[in-house]
Amino acid sequence: MPSVRAWILIGVSLRAVLAILAGQAELQSDEAHYAWLGLSWERFGFLSDSQRFLWPPAYPYLHKLGFQLFQDEGILALRSLQVLASGLTGWGVAGLTRRLVQPEAARWAACLWALHLPLAGYCTLGWPDSLFIALLLPALCFLHDGAIDDNPGRLLLAGLLLGLSALFKEIGLHVGILATCWVFIHTMRRSAGVGPTTLTFALALALPLAPWAARNLQHYGQPIPSGVTLGENLYQGWNSTDRNFDNLPLLRRHPQEERPALAPAAPFALTGEGGWDRPGGLTLLERDAAKRKGALEWAQANLGDLARSRVAKLAHMIAPTSFPVRHIALENYPGMLADRLISRPFIALATLQAALAALLGAAAIASCAPRHGLFWLPTAAFLAQPLLVGMSRLRVPLTPFLIIAVASLLTTSLDRRQRRRAVIAGAITLGLFWVDLASTTWVLGEAWGAE
Amino acid sequence: MNPKRVSWATPIALALLCAAPFLSKSRASEEVLLQRLRSGECEALPLLAAGYPHALTPALMEELARHEEHRLRELVAHQAWIPHVKLRDQLTRIATLEPRELRERAKVWAERRTTSRETLTRADIAAYWTSREPR
């Protein structure tokens, strides 16, 4: 089997080939919003909120920088950066596996990461997830080493990378806070007091966020460290209508009367009645607060719906489809990736890989995943995302951890009890596939039939 | 690095660096922000929208639409004006912007705003860029 380095090279090359085959894809939904924010930042000199939410600034900033340096080719430049940065993700996945499982598993992890088409496909798209995990995984490796050796240099680097990741995606902040708790607990378990080394990590985490928080204090009167998205996510996710962003843009291309029914399986579907409208408000924070209030009121009045729809959201997240496949269905790729000779094998392989990653990943997590806070804390944070909304893109930061777990499964012999747990987890995952079967098969069918 | 040599200097330095951005940020008054906006500083617009939303009026928009600096005229189409100014009023104002290239660029901001279902396309970006005046 090739070495970890060789797999990283293969992985980056595969992503580069995919980006070339994709061509300059049309912008879809949030991709266009990020580009709008970057373009307006370049033109007017400020980043605005999006009225409904405030995204962390790093990805719009990279768009702005791309436009400044490469004019209307700025988006292509950013995609190229994502391809190059994916090498860091590969290094991080293998490195974390080597540290938390064993060296032999690291090679498996690097191989699985390199060839995982859904993950690779995101490098061709305009969401911040690829760059987010390129910062997160190396950060966790440095955090591991820094905490073990009480090495402030590594903890400083880990904190800075985690802080930067929170400027790409808000969940990075939550992982950072969990990691800080882990560092403190780890230090206390070693009977060492909370000293300068531990504080170095926490403050390094805060450092990249400080200028942005100070800017937000000036703008909104609150030191918002990352983003303001909770209210909008609650509006989308804690409401009486099930919104699955894997099929929504595709459905909108069809006239209302021709749209198929893609609700989750009956026990988990919502009635669509008794929902709440997006409230107004003069400022972003007022609107966000009003949405949080609306969501809480809806949840209190519809506890059963809330619980049932969480299963549907989880099913949306692990459904074996992906945004690159959705892009094929939307006919957004102008390049050879849209050619059926290439798109159909891509769809088949990406679907198979996504299904296997979810099935084996769940089995591995239930049986032999590393018993380490630096595996479980981010995994739990990413698994908790369907508490708000559900879509396959939320799986992007989770996938590296599924890969680490699968690599552990491939290099561990399970005892009877572990096997039983693995089978139960696999069966639950199959059940979740069933919950979202109507939507998944329709999206895949649309992609398969796309010209 | 030798763990025994770890001192408090690093966390103290980091804490000071974290605090520094907060020291220089104070909220400007409405008058100051309006003055900054009129003198060509577009960055004052989101500060007004967040801190003094009532200051964003159709009258101010009309004033900026005739500003000698084209960037300020184009700013009339920014989504930061909404909901303080009605979208209909904004679109009416955009329709009066001169010259024509500027009006077309302004339409991109307004019609492809991030809350719109009609989102920004690659063709929009290319057209927008070719109509930009040299900096």
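None of the figures in this text is laboratory data; all of them are computed from the coordinates on show. None of the values given here were measured: they were computed from a predicted structure. Ideal geometry is used to build each Cβ from the backbone, glycine not excepted, and the neighbour counts take in all protein chains shown.
Taking the simple approach of a point 7 Å from Cα along Cα-to-Cβ for both A:C181 and B:L87, what is their distance in nm?
With each label point 7 Å from Cα toward Cβ, the separation is 4.1 nm.
Under 8 Å for C-alpha pairs, at least 6 residues apart: give me the relative contact order for chain B, rounded to a whole percent.
Values: 100 pairs, mean separation 20.1, N = 135.
This gives 15 percent for chain B.
Hey, which lysines would be in cross-link range of A:K313, C-alpha to C-alpha under 20 Å, not counting anything within fewer than 8 residues on its own chain?
Partners within reach: A:K169, A:K291.
Starting from the Kirkwood Rh over alpha-carbon pairs, what translational D in µm² s⁻¹ does segment A:335-451 have by Stokes-Einstein at 37 °C and 0.692 mPa s?
210 µm²/s
In sequence order, what are the phi-derived ³J(HN,Hα) couplings for segment A:369-378 according to the Karplus relation 6.51 cos²θ - 1.76 cosθ + 1.60 with θ = phi - 60°, rounded to whole Hz, with x for glycine and proline?
Coupling constants for segment A:369-378: 5, x, 8, 9, x, 6, 8, 6, 5, x Hz.
Per the Kirkwood definition applied to all pairs of different Cα atoms, how many angstroms is the hydrodynamic radius of the protein assembly as shown?
Numbers: mean 1/r = 0.0395 Å⁻¹.
In the protein assembly as shown this quantity evaluates to 25.3 Å.
I want to verify the translational diffusion coefficient of chain B in µm²/s; compute it with Stokes-Einstein, Rh as the Kirkwood radius over Cα pairs, at 37 °C and 0.692 mPa s. Working shown, then result.
Numbers: Rh = 17.4 Å.
This corresponds to a translational diffusion coefficient of 189 µm²/s.
What is the list of residues in segment B:79-104 whose amide nitrogen lies under 19 Å from a point 7 angstrom out from the Cα of B:E68, following Cα to Cβ?
From segment B:79-104, the list is B:98-99.
Whole Å is fine, so just give me how far the alpha carbon centre of segment A:377-412 lies from that of segment A:120-198.
17 Å
Would you calculate a helix-derived [θ] at 222 nm for chain A, using -39,500 (n - 2.57) for each DSSP H run of n ≥ 4 and dividing by the full residue count, to the nearest 500? Please report the intermediate quantities before stating the final value.
Working: 21 runs with 306 residues, N = 451.
Counting only the DSSP helices, I get -22000 deg cm²/dmol.
Could you tell me, in Å, what Rg and Dmax come out for the Cα atoms of segment A:29-165?
17.0, 52
Using the Cβ atoms and a cut-off under 12 Å, what net charge is assigned to the surroundings of A:I8, where Lys and Arg are +1 and Asp and Glu are -1?
Numbers: positive: A:R5, A:R15, A:R107; negative: none.
Taking every Cβ under 12 Å from that of A:I8, the sum is +3.
Distance in nm between label sites at B:E41 and B:S26, each 7 Å beyond Cα in the beta-carbon direction?
If labels sit at B:E41 and B:S26, their model points lie 1.4 nm apart.
Report relative contact order for segment A:352-451 in percent, whole number only (criteria: Cα-Cα under 8 Å, sequence separation at least 6). Before the final figure, lay out the partial values.
Details: 66 pairs, mean separation 45.8, N = 100.
Relative contact order comes out at 46 percent.
Search the structure for amide H atoms under 5 Å from the amide H of A:L54, placed 1.01 Å from N in the peptide plane, and list their residues when 5 or more places away or on another chain.
Those qualifying (amide H under 5 Å, at least 5 residues apart or on another chain) are A:V228, A:T229.
Which is the longest stretch in chain B that no exposed loop site breaks, taking sites as GluC sites (Glu not before Pro) with a DSSP loop state and at most 10 other Cβ atoms within 10 Å? Present the calculation step by step, with values, prior to reporting the outcome.
On the way: sites that count: B:E68, B:E118.
Looking at chain B, B:1-67 is the longest stretch - no exposed GluC sites (Glu not before Pro) with at most 10 other Cβ atoms within 10 Å.
Can you sort B:K86, A:K169 from fewest to most other Cβ atoms within 10 Å of each residue's own Cβ? Don't skip to the end; give the middle numbers.
Working: B:K86 12, A:K169 27.
With the sparsest Cβ surroundings first, the list reads B:K86, A:K169.
Kindly provide the pair-distance distribution of segment A:398-451 built from C-alpha pairs, with 10 Å bins from 0 and whole-percent values in order of increasing distance.
20, 32, 29, 16, 3
Between A:I428 and B:T130, what is the label-point separation in nm under the 7 Å Cα-to-beta-carbon projection?
5.6 nm
Please report Rg (one decimal) and Dmax (integer) in Å for the Cα set of segment A:309-389.
Expressed in Å, the Cα Rg and Dmax of segment A:309-389 come to 15.8, 45.
What list of ³J(HN,Hα) couplings, whole Hz, do you get for segment A:6-16 from phi and the Karplus terms 6.51, -1.76, 1.60, once you set θ to phi - 60° and write x for glycine and proline?
5, 5, 5, 4, 4, x, 5, 4, 4, 5, 5
Non-local amide H neighbours of A:D246 (under 5 Å, H modeled in plane, Pro and chain starts lacking H): which ones?
A:S392
Tell me, what is the percent relative contact order of chain A, built from C-alpha pairs under 8 Å that lie six or more residues apart? All intermediate terms of the calculation are to be shown ahead of the outcome.
On the way: 756 pairs, mean separation 89.3, N = 451.
In percent, rounded to a whole number, it is 20.
For segment A:314-322, in order, what is each residue's ³J(HN,Hα) by Karplus, 6.51 cos²θ - 1.76 cosθ + 1.60 with θ = phi - 60°, in whole Hz (x at glycine and Pro)?
4, 5, 4, 5, 9, 4, x, 10, 7
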